[in-house]
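Colleague: Take a look at the following structure, please.
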Amino acid sequence: MTLSESESARTPSANRARWDALIGSARRRVAAGRAVDYFYRGALWALPALYLLCLFSALGLMAGRLPIVAAASITLLWWGATALRFLIPGSRRQALHALDRNLGLPDLALAGDEVGTRDPSEWGRSILDSALERLESTDWARDWPLSRARPAGALALVALPALVLLPFVSPSSFDADALETAETRDRNRERLVEMYEIWEQAAETFEEQWAEQEWNAFREYLEQAARELPSADEDPAQRDLLRQFHRMETRLDELNARLPATGLETFAGELANRARRMDGWESAASALESGHFHTASDRLQALSRNDTNGNSAEVPSLSDEDLERWEEMIEDLREAGHEELAEACELLCDGLKEGDAAKTAAALSRLAQLAQSEAFREQQQAALARMQRQLRDTREAMARGEQLARAEDPRRSPAMSPDRGDGEGDGIGSGTSDNPLGDPAAWTAEYFTETLEGRLSDEGESETRTISLEPSGPEHTGTGSTDARFDLYEQLSRETIDNEDIPLAHREAVRRYFQEIRPGTDEDDHD
Amino acid sequence: MKMIMTDRPTESNPPLESALEDFRNKFSTLRDEVGKVIVGQQEIVDATLTAILTGGHVLLEGVPGLGKTLLIKTIAQALDLKFSRVQFTPDVMPADLVGTKVFIEEGPGNARFEFSRGPLFTNLLLGDEINRASPKTQSALLEAMQERSVTVTGDTHLLDTPFFVLATQNPLEHEGTYPLPEAQLDRFLFKLNVAYPTMEEFENILARTTGTAETNLDPVFDGKQIDAMTRLALQVPVPDTVRRRAAELVMTTHPETEYATPEIRRCVRFGASPRAGQACLRAGKVRAILRGRSYVATEDVLAYAVPILNHRILLNFEAQADGVTTTDLLDELVREKSREWNS
């Protein structure tokens, strides 16, 4: 667009047109400058960051190099955000502000818009001339837009080789340097060996009860991991071992998912609702509803024996409404894929409808078996979850370079116990919580009395905490009691160490003492 | 990457550009002339000369011996203006400044009262230690500073133009002093705090003032030229946005307004008067010309914000108890506004 000089100097409208042309040119220039700027920043910053992310993902090292990954991600996000920011449409005023900032023209764009285009006098023309002169000056053309991109580009050029080499030279957070001393490494090695020994024993104990094929697969992984345990000359915190741990966790997940489901876990409530309407079946229904499948199995078995004796008079009658509800549930079971449970219910339904004690007894027996299977599945799930958690804790501790906790025997959990309950109360299935001793708060309140006394004397304040260990509740088993007392004492010692000003060496001595006397550390304890 | 601009005029604006260039040259000459005597204190010199070209009065505050009086005397010498000096003391009366009517007997039966002009009838008045004058005398300056006239027994007498009051005061001594009332403080365009010279400047001062050499200053220009420069500066256009920012800056000092910052709300009792906004733009216009601009930019408004506002806002008791100073408060305000308007 070309305006004659005389025209541009005389009329505001001509000034406006001239100014618009000027601003249009400047905007195009800013856009071109931004393109160059993004080329530098994008090609030399974002692309290496993307390369790093892809490389780390391919190597499976994302978790080990979180700071680097975070830095690369932030770079990418920043680049993306700045690139997209200009897609937001702005008002003319904002655009002029942006021009002012980007072109290094303090308020010149504003003055041009607000004065130069309205004021036909010498002042308005002078402002427009200043803007034009500035935008066409050699200095400005040289400085903009490369002045912004040049430092960024130079910095990026220096950083590029560093970014590319980073994956190969960056210290791993789980290598030998992360483990502070050789003593810690030795101790961790012992812990690992100890953990696998305990697991070996646990495997032998549970082998008969677990599905043979699944357990053998799991044993294979255990043995493989044991074979890959580092020798004394090697660093135990090896990347391969951590990967092996991770694979084992995944495998445990798969095992857990493949444990055969009977359908009782989902449909126990509905089954209990229907069974409760039968005379004499209330206790079995109650056990089913509360999820105590061992107890439910016993009670269903007892009902089955009762019917097997031929006492057909005791077969409860089934109303039409009940029959309809049973059939609905059987359909739901089939839709959910629990064919075995559906067949047992169907047989039961037929037996009740026909008053056939033998058929009813057979159906009750099959339901009892299914309840037994469900109870056992729960045990297996709990055991797997416990092992998985132990693996995960160990792997994470190794990755952080921390000292490993002493391995815990999974057989000590009630959920893992091969012995069944006594048939009363919650039974064995209730012990699936993480704490093998049950709720510690309730347990402490029931069995121990704790008093806290304060005294003020000339020697200063003192505090006495008295724990009465005389059991005020029912007697508990020897192992549980020892464990409980040990945990309590250890907790008290830890609290005291935390709260009192005790020399470091003494703290360590107390901690070692409790490690030495921890029950279950001696293999004889388990025999 | 270079763009081709097709609408560039073949020549710029000679009359205006030459006038602005002449303005800058004169200012530079004046500053150089003052610099022959005054060592350092460049910001103070620039601000004082800016105030003169704006037609405003200046209050210089500083401990004794920093060259406040010398600066004003030097400026007076460099300008071909009538100069008066009044050393204020508690017994100086208004009539000593304004003048009085004297009885003149020209013969038997022929006598008259004639107005004898006081030192106010000058172009440049140096009011030394102005805070030693009594409030009555200080208030005699009010009309002169704002209206450029004095009224004596009902007769109004116009002062000479241009008319500037360049006053000094010592912040250390409180005995026998009368703090200037807010109404009078408001009439000063700038209140400049004269700082102690740097080591290098101090050495230079010692070298210049301990020998026999005397510096004779040549008058650079006269009152008419100052008037012309002042009129030229007043013509500098102000973009709407910049004018709005000047108003916002002043409104920000008012704790009761929505513009006030939390710190202003906490520390300020009364904000600046509208004269502060006028002063920001008038001083900004002079500064714009000196920076080679034909419009007032935001930085011109902010440049003299502290000397314009620091004697126009009143701190509350809480701020005084906390040791908050007006200068600190305004420095922070200017930084904040600069960030806000440049972001």
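The values are calculated or read from the model by the stated rules, or taken from the named source; none is laboratory data. These numbers come from a predicted model, not from an experiment. Ideal geometry is used to build each Cβ from the backbone, glycine not excepted, and the neighbour counts take in all protein chains shown.
Colleague: When the range B:290-343 is examined, which residues are found to be crowded, with 18+ Cβ neighbours inside 10 Å, more than 22 Å from B:GLY56 (Cα to Cα) and of a type in the set (Gly, Ala, Ser)?
Modeller: B:ALA319
Colleague: Wholly within the range B:167-274, which helices (runs of 4 or more DSSP H) include no fewer than the required count, namely at least 1 residues that are not assigned by TED's automatic domain parsing to the domain that holds B:THR325?
Modeller: Output list reads B:182-185, B:199-209, B:223-234.
Colleague: Sticking with this structure for a sec: Any idea how many residues of the range B:275-308 are out of contact with any Asp or Glu (no Cβ under 7 Å at 6 or more places or on another chain) and part of a helix (DSSP H, G or I)?
Modeller: 20
Colleague: Looking only at the range B:221-240, count every residue that is at the interface with another protein chain (Cβ under 10 Å from one of its Cβ atoms) and either crowded, with 18+ Cβ neighbours inside 10 Å or under 16 Å from B:ALA51 (Cβ atoms) (or both) and tell me the total.
Modeller: Number of matching residues: 4.
Colleague: Of the numbered conditions (1) at pLDDT below 90; (2) surrounded by fewer than 20 Cβ atoms within 10 Å (Cβ to Cβ); (3) out of contact with any Phe, Trp or Tyr (no Cβ under 7 Å at 6 or more places or on another chain), B:SER28 satisfies every one except a single condition; which is it?
Modeller: Unmet for B:SER28, out of (1) at pLDDT below 90; (2) surrounded by fewer than 20 Cβ atoms within 10 Å (Cβ to Cβ); (3) out of contact with any Phe, Trp or Tyr (no Cβ under 7 Å at 6 or more places or on another chain): (1).
Colleague: Also, quick follow-up: State yes or no: is B:LEU97 closer than 15 Å to B:PHE164 by Cα, modelled with pLDDT under 90, out of contact with any Cys (no Cβ under 7 Å at 6 or more places or on another chain) and outside any loop (DSSP other than H, G, I, E, B)?
Modeller: Criteria met by B:LEU97.
Colleague: Name the pairs whose Cβ atoms lie under 8 Å apart, with the first residue in the range B:317-332 and assigned by TED's automatic domain parsing to the domain that holds B:ILE264, the second surrounded by 13 or more Cβ atoms within 10 Å (Cβ to Cβ) and of a type in the set (Gly, Ala, Ser), and 6 or more positions between them or separate chains?
Modeller: B:LEU329/B:ALA319; B:LEU330/B:ALA305
Colleague: Within the set of pairs 6+ apart or on separate chains, which have a first residue in the range B:198-219 that is among the aliphatic types (A, V, I, L, M), a second that is outside any helix (DSSP H, G or I) and at pLDDT 80 or above, and C-beta atoms under 7 Å apart?
Modeller: Sorted first by the residue in the range B:198-219, then by its partner, the pairs are B:ILE205/B:VAL39; B:ILE205/B:PRO197; B:LEU217/B:LYS36; B:LEU217/B:VAL37.
Colleague: Residues that are free of Cβ contacts under 8 Å to residues at least 12 places away in the same chain and touching a strand residue (DSSP E or B) at 6+ places or on another chain (Cβ under 9 Å): does the range B:110-121 have at least one?
Modeller: yes
Colleague: Can you tell me which residues in the range B:285-301 are more than 11 Å from every other protein chain (Cβ to nearest Cβ) and within 18 Å of B:SER338 (Cβ to Cβ)?
Modeller: Once the filter is applied, which keeps residues that are more than 11 Å from every other protein chain (Cβ to nearest Cβ) and within 18 Å of B:SER338 (Cβ to Cβ), the range B:285-301 yields only B:ARG287.
Colleague: How many residues does the range B:47-72 contain that are within 18 Å of B:GLU33 (Cβ to Cβ), touching a Phe, Trp or Tyr at 6+ places or on another chain (Cβ under 9 Å) and surrounded by fewer than 20 Cβ atoms within 10 Å (Cβ to Cβ)?
Modeller: Result for the range B:47-72: 0.
Colleague: Also: Would you be able to tell me the number of residues in the range A:483-510 that are free of Cβ contacts under 8 Å to residues at least 24 places away in the same chain and either part of a helix (DSSP H, G or I) or surrounded by 12 or more Cβ atoms within 10 Å (Cβ to Cβ) (or both)?
Modeller: Summing the residues that are free of Cβ contacts under 8 Å to residues at least 24 places away in the same chain and either part of a helix (DSSP H, G or I) or surrounded by 12 or more Cβ atoms within 10 Å (Cβ to Cβ) (or both) in the range A:483-510 gives 17.
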